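The values are calculated or read from the model by the stated rules, or taken from the named source; none is laboratory data. The structure displayed is predicted, hence computed values, not measured ones. Don't worry about glycine lacking a Cβ; one is built from the backbone with ideal geometry, like all the others, and counts go over all protein chains shown.
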C-alpha cells in the first residue's frame, strides 16, 4: 500500500502541474476569456489500452460580472493507443479558476486507475517545445504511407514517422462548430481534409514510456498569437512555479491558450497497428450531399434549442431574483 500511495502522490503532482495553464491565466489584454482545451493526460496502460485523465473544458464567465472560470468535465477513460475513447470509467463536472481546485477530482481518478486490471504506471514524460513556431524540429505534419493525416515526432531519442492522427471527436466538433479553418463551409465528413490544407501549429510534444511502448501526445492550437502589439503566448510556455519540479521533464508544462483560442491533444503510439483513418482527399468543388445538408440542419436546430434553453434559464433566474428581492440594479435601472 505504501508503494501505491507513493505512486499516487507522484501522479497527482505530475498531473497537477499539467494543469498549470489554467491557473496561469493571461491578462485580459493578452487573451480572450473565451477559450477551449481538450487535454489528454496519460497515467499508464493495460495490455490493450491507455488509461488517461481527459479534460474537456471551456473558459468563460457564467454572468457578465462573474469570475472567469474553466468549466466542463474531467474523465478517467480507457482509450486506444491513438486516443479513441473506448470506455469512460468515471466522469464528473468540474469548474475551477486554478488547478488546485482539481486535486480532489484528480485524486479520485488516480485511486480508481489503480483498480483497473493490468494497469502499469507510465514513467514521467519527456517534453519538447515547439512554441507554435513553423518548422518545429520535434514534430511536423505529414501523411502516412496510406495517405492519412499524420505526424513525424522526435522527443528525447524516441521517434515516430508517419503516425496517423485521430482528431478527438469532442475537439473536432468544437472546432467545426466554431468554423475554425473555415471548416464550417464544408460538411463534417470532410473535416480532416480541410484540416490537412492548413493544420494548426504545434505547441509541444510529450513521450511516455512503459513496457517497451512509446506513446506520444502532441498539442495543437489555433487562435490569435499576437494581439495588437502584445504577444499572446510567450512568457507562459514553460512557466513552472519555483520548487514544483526538480526538472521540467519530471512534470508536464504549462500549455498556453491563444487569444480566441482552442487547443487539443492528439495521441499516437509507435509499434501499434493504427486505426483505419480515411486518407486525406482533395475537396470537390461542391462537396455537399443531401445527407450533409440534413446533418447540418439538425445540428443548427440543436444549437438553437440550446440557446433557447439558456435564455429560459436566465429568465427564470431573473424572475427568482426579483421575487426574492436579491436582484442588484445598476444606477440607471428601475424595477
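Of everything listed in (1) crowded, with 16+ Cβ neighbours inside 10 Å; (2) touching a strand residue (DSSP E or B) at 6+ places or on another chain (Cβ under 9 Å); (3) at pLDDT below 85, the single unmet condition for residue 254 is (2). Kindly indicate whether residue 165 is in contact with a helix residue (DSSP H, G or I) (Cβ under 9 Å, 6 or more places away or on another chain), modelled with pLDDT under 85, surrounded by 18 or more Cβ atoms within 10 Å (Cβ to Cβ) and under 23 Å from residue 214 (Cα atoms). No; evaluated as a whole, the condition is false for this residue. The numbered conditions (1) at pLDDT 90 or above; (2) surrounded by 14 or more Cβ atoms within 10 Å (Cβ to Cβ); (3) in contact with a helix residue (DSSP H, G or I) (Cβ under 6 Å, 6 or more places away or on another chain) are all true for residue 281 except (2). Within region 178-236, the set of residues being in contact with a helix residue (DSSP H, G or I) (Cβ under 7 Å, 6 or more places away or on another chain), crowded, with 16+ Cβ neighbours inside 10 Å and either at pLDDT below 85 or not in a helix (DSSP H, G or I) (or both) comprises 181, 183, 184, 186, 187, 222. If the condition is being part of a loop (DSSP other than H, G, I, E, B) and either touching a residue at least 40 places away in the same chain (Cβ under 8 Å) or surrounded by 14 or more Cβ atoms within 10 Å (Cβ to Cβ) (or both), then region 284-304 contributes 287, 288, 289. For residue 43, the conditions (1) modelled with pLDDT of 80 or more; (2) surrounded by fewer than 20 Cβ atoms within 10 Å (Cβ to Cβ) are fulfilled apart from (2). Test residue 105 against the criterion of being in a helix (DSSP H, G or I), touching a strand residue (DSSP E or B) at 6+ places or on another chain (Cβ under 8 Å), surrounded by 18 or more Cβ atoms within 10 Å (Cβ to Cβ) and at pLDDT below 85, and give yes or no. When the stated conditions are applied, residue 105 passes them.
Among the residues of region 113-155, those that are at pLDDT 85 or above, outside any strand (DSSP E or B) and loosely packed, with under 15 Cβ neighbours inside 10 Å comprise 115, 117, 118, 137, 145, 146, 147. Every condition in (1) exposed (fewer than 11 other Cβ atoms within 10 Å of the Cβ); (2) at pLDDT below 90; (3) touching a helix residue (DSSP H, G or I) at 6+ places or on another chain (Cβ under 9 Å) holds for residue 324 except the one numbered (3). Within region 63-77, being at pLDDT 90 or above and more than 16 Å from the chain's Cα centre (by Cα) holds for no residue.
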